[in-house]
Amino acid sequence: MKINILKRGKEVLDIEASAIKSLKRRIDDKFKEALNLILKTKGRVIVSGMGKTGIVAQKFSATLASTGTPSLFLHTAEAIHGDLGRVTFSDVVIILSNSGSTEDLKKFLPLLKKIGCKVIALTGNTKSILGKYSDVVLDVSVEKEACPLGLAPTASTTASLAMSDALAVCLLELKGFKERDFAFFHPGGALGRRLLLSVSDIMRKGRDNPIVREDEKVSGVLVKITQARAGSATVVDKSGKLTGIFTDGDLRRNLKTDTRMPFRKIKEVMTKNPSVVHENMLAAEAMRILQEKRIDELPVVDKKRCPVGLLDVQDLLKAGLV
């Protein structure tokens with residue numbers, strides 16, 4: 001049988017988009033009740049399902065866990081073969097099932113009631129046994145599946161995924177979950193690096209951070225920069241406070257017009273009052289300053305404007321911030 005692949009592909013997307021759109025009118029008081037149950041629980045949120053819907057349930061549980069709500073996934077069939085021991089009275093169990101009437105659920109639900117935990121259902125059949133046993137029922141039914149046979153879960157799993165995302169996003173906002181919190185649970189990712197790394201974590205210190213006095217000769221400063229394998233030197237006054245920075249760019253600009261530059265005092269050729277960052281600043285914010293000002297180095301100073309480190313764009317690159 002010949003089919004128009006492009007046309008059929010668009011039809012599938014239309015069916016699934018329609019399924020999600022139909023959920024909007026079901027965001028009502030029951031949705032609020034479900035959120036309140038989750039917020040009030042002193043235990044964990046256990047998300048259960050099986051088959052294709054079970055995969056959606058795993059994703060839902062993972063989203064909750066990564067956004068500040070302790071959660072684990074419990075396979076509905078495995079629950080009645082020993083894993084029910086993971087559920088306690090203090091937990092909230094969210095069950096995803098399109099039919100809401102599988103044989104496993106018929107055995108699972110009475111046991112949950114015996115434990116005494118709260119049950120939330122995301123189901124396509126609100127009058128099913130799942131609907132009857134649940135404290136809150138969210139209707140995720142769809143008009144039809146995208147599968148032409150009406151057998152493979154397609155639009156129904158999309159609807160369950162969308163509704164679970166709506167719950168998860170509302171929960172994180174109600175809890176005041178911020179980017180820093182998210183980064184804490186994702187320290188190995190790019191976001192974690194951007195939001196957790198501070199300037200003090202990657203700045204150059206000690207011998208790697210050449211600091212020179214204003215009256216030092218350029219030739220001597222160049223030696224210190226070379227020894228430190230740095231791209232600049234921070235210049236301070238007699239009290240140790242920052243007054244300038246001497247970079248490779250300063251060297252090149254002055255050498256063009258001044259052959260005696262190596263014998264001059266560094267204060268005569270340095271860049272005065274340079275941009276600075278503080279050691280407790282986020283490294284990502286420091287990177288933004290470097291990019292906006294189109295420079296490669298930034299002195300790191302304390303509250304008294306005394307240099308404590310040097311931040312080089314190469315260090316930020318190595319840290320994976322770009």
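Each reported figure results from applying straightforward, stated rules to the coordinates on display, with no laboratory input. The model shown is predicted, which means the values in this text are computed figures rather than measured ones. Quick reminder, even Gly has a Cβ in these numbers, built from the backbone with ideal geometry, and neighbours come from all protein chains shown.
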| Where the Cα pairs of the stretch 5-177 fall when distances are cut into 5 Å bins, in % | 1, 9, 18, 23, 21, 14, 8, 4, 2, 1, 0
| query | From the residues Met163, Gln314, His75, which one has its Cα farthest along the dipole of the chain in the positive direction, the dipole being from +1 and -1 charges on Cβ of Lys/Arg and Asp/Glu about the Cα centre? | reply | Gln314
| task | Run the numbers on the stretch 1-107 and let me know its relative contact order in percent, using alpha-carbon pairs under 8 Å that are six or more apart. | result | 28
| task | Identify, among Val276, Ser200, Pro210, the residue whose Cα sits farthest towards the positive end of the charge dipole of the stretch 199-318, taking +1 on the Cβ of Lys and Arg and -1 on the Cβ of Asp and Glu, with the dipole about the Cα centre. | result | Pro210
| Roughly what % of Cα-Cα distances in the chain sit above 33 Å, to the whole percent? | 51
| query | Is there a pair in Lys40/Lys106; Lys106/Lys127; Lys32/Lys118; Lys175/Lys318; Lys10/Lys30 whose C-alpha atoms are over 25 Å apart, and which pairs would that be? | reply | Lys40/Lys106; Lys175/Lys318; Lys10/Lys30
| Relative to the present Cα-Cα distance, how much length would full extension add between Leu111 and Asp29 at 0.36 nm per residue of separation? | 26.8 nm
| Protection-proxy order for peptides 10-23, 197-210, 47-60, each taking the mean of Cβ atoms within 10 Å per residue, highest first | 47-60, 197-210, 10-23
| task | Could you let me know the centre-to-centre spacing of the stretch 195-259 and the stretch 34-61, using Cα atoms, in angstrom? | result | 55
| request: Take every Cα pair under 8 Å in the chain that's 6+ residues apart, average their separations, divide by the length, and report that relative contact order as a whole percent. | output: 14
| request: Report the relative contact order of the stretch 5-177, percent, no decimals, based on alpha-carbon pairs under 8 angstrom and at least 6 residues apart. | output: 25
| note | CD proxy, 222 nm, the chain: helix-only mean residue ellipticity via -39,500 (n - 2.57) per DSSP H run with n ≥ 4, per residue, nearest 500, stands at -13000 deg cm²/dmol
| field | Protection proxy ranking, peptides 130-136, 276-282, 303-309, average beta carbon neighbours within 10 Å, highest first | value | 130-136, 276-282, 303-309
| query | For the stretch 283-322 and the stretch 128-152, what is the separation of their Cα centres, given in Å? | reply | 54
| Size of electric dipole in the chain: Cβ of Lys, Arg +1 and of Asp, Glu -1, about Cα centre, debye, nearest 20 | 500
